[in-house]
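All remarks here apply to the structure that follows.
The values are calculated or read from the model by the stated rules, or taken from the named source; none is laboratory data. Keep in mind it's a predicted model, so treat the numbers as computed, not measured. A quick note on method: Cβ atoms are made from the backbone with ideal geometry, for glycine too, and the neighbour counts reach across all protein chains shown.
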Amino acid sequence: MSSVLGIVGSARPWGNSEVLVRQALRGAEFEGAATSLLRLPTLHLEPCTGCMRCVIGGRPCPLDDDMRWLIDTIQAADGLVLAAPTYFLGPAAVVKLVLDRLLMVTGQLDQDLPPPRPAITVATAGLESWRGMTLPYLNALVGAFGYQPIDSVTAIAPGPGEILLDTALMERLQAAGLHLAQGQLSRTPAAANICPTCHSDAFAIYGDRMVCPICGRSASLHVHDGGIELSFETDTGSKQRWTPEGLREHMVDWVVATGPRYLSLRQEIKDRRRPLRQMAAEWLCPPSSAGRTGRR
Ligand SMILES: Cc1cc2nc3c(=O)[nH]c(=O)nc-3n(C[C@H](O)[C@H](O)[C@H](O)COP(=O)(O)O)c2cc1C
């Protein structure tokens, strides 16, 4: 029997993210999957401090929180359903906090890479024109863990649970959950002019190419009488940025390589910061921070 994990990125009980995760899990249960749920905002997750110990030293993360448990739980599942709300044009902060800690996963350079497994990603938002960049970030997150999104959607519903009134979407999520439990990896195609990898619809212009800022997939732009068309480069599979393979390559070729380079420059950096150390400016702290330790 396959195990399917549902991750809710919203603190709202019975909010739209929870309803849609449950609906996909319900589809998976019809297929005999063992299902479980977790709510990200109830976990104890600390922000990454950028110490780089997990990558450059290959040592465990020094933060004592639930992140290691979360990583192990995500890696142990056969299928994943992730839904999170849009807060001010991006995913709720807890999702970014998890993304920020991904050096812990990608820094495990000596470990076997996970097999591809299916995922469903759902961004919830109140207003179509304010949906921002939530869905591409959710696709990046599941991709980093070796999951391939088989269905990705932005669900528009402002009030908690209001998405239950969208019968077509509820049916879509249930069907997607069923396919997930069957281990299907084929993906619902993205709409025209949407990045097929991460579903971003924002692009940067590099020379004559349009490049997805989230996953790096590029496209050429064609102007027709009837509008514009983006032709995306063919899927480069494991070369994509948000795959365990792509991230490992980035770790080895760039992140780890910055270590010796930085060490060779350290003295010069210290010398150049001397005038900044002698400034009059003082750190401000709120009264509530009295007694709190840590460098400022
Ligand atoms: C603090 C906050 C910020 C929000 N920002 C956006 C936004 O930028 N764009 C948008 O479309 N909806 C925004 N919304 C609406 C939520 O994304 C929407 O209600 C969503 O369905 C909530 O999902 P949930 O019920 O799973 O929490 C915001 C809601 C809150 C509470």
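Conditions tested, residue by residue: (1) under 29 Å from the mean Cα position of the chain (by Cα); (2) modelled with pLDDT of 85 or more; (3) surrounded by fewer than 10 Cβ atoms within 10 Å (Cβ to Cβ).
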| position | (1), (2), (3) |
| --- | --- |
| His222 | no, yes, no |
| Glu229 | yes, yes, no |
| Phe232 | yes, yes, no |
| Gly237 | yes, no, no |
| Arg248 | yes, yes, no |
| Asp253 | yes, yes, yes |
| Ser264 | no, yes, yes |
| Ile269 | no, yes, yes |
| Arg277 | no, yes, yes |
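It is to be established whether one or more residues within region 48-71 are in contact with a Gly (Cβ under 6 Å, 6 or more places away or on another chain), in a helix (DSSP H, G or I) and within 16 Å of the ligand (Cβ to nearest atom). If you could, list the steps in order and put the result at the bottom.
Here is the first cut: in region 48-71, the residues in contact with a Gly (Cβ under 6 Å, 6 or more places away or on another chain) are 54-56.
Retained after the next criterion (residues that are in a helix (DSSP H, G or I)): 54-56.
Those still in the list that are within 16 Å of the ligand (Cβ to nearest atom) too: none.
No: region 48-71 contains no residue that is in contact with a Gly (Cβ under 6 Å, 6 or more places away or on another chain), in a helix (DSSP H, G or I) and within 16 Å of the ligand (Cβ to nearest atom).
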Exercise. Looking at (1) closer than 22 Å to Ser200 by Cα; (2) surrounded by 14 or more Cβ atoms within 10 Å (Cβ to Cβ); (3) of a type outside the set (D, E, K, R); (4) within 16 Å of the ligand (Cβ to nearest atom), can you tell me which one Gln23 breaks?
Worked result: (1)
Seminar exercise, completed: So, first residue on the phi < 0 side of the Ramachandran plot and in contact (Cβ under 8 Å) with a residue 60 or more places away in the chain in region 50-65, second residue surrounded by 14 or more Cβ atoms within 10 Å (Cβ to Cβ) and in a helix (DSSP H, G or I), Cβ within less than 7 Å, six or more apart or across chains; the pairs are Val55/Leu103; Val55/Met251; Val55/Val255
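List the strands (runs of 3 or more DSSP E) inside region 188-296, counting only whole elements, that have at least 2 residues being closer than 22 Å to Gly146 by Cβ and aliphatic (A, V, I, L, M). Steps first, please.
Working: elements: 204-206, 209-211, 218-224, 227-232.
Output list is empty.
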Exercise. Of the residues that make up region 183-192, is at least one crowded, with 16+ Cβ neighbours inside 10 Å and more than 26 Å from Ala28 (Cβ to Cβ)?
Worked result: no
Problem set entry | Answer residue from region 105-126, given it is among the aliphatic types (A, V, I, L, M) and surrounded by 13 or more Cβ atoms within 10 Å (Cβ to Cβ) and is farthest from Phe88 (Cα to Cα) among those | Leu113
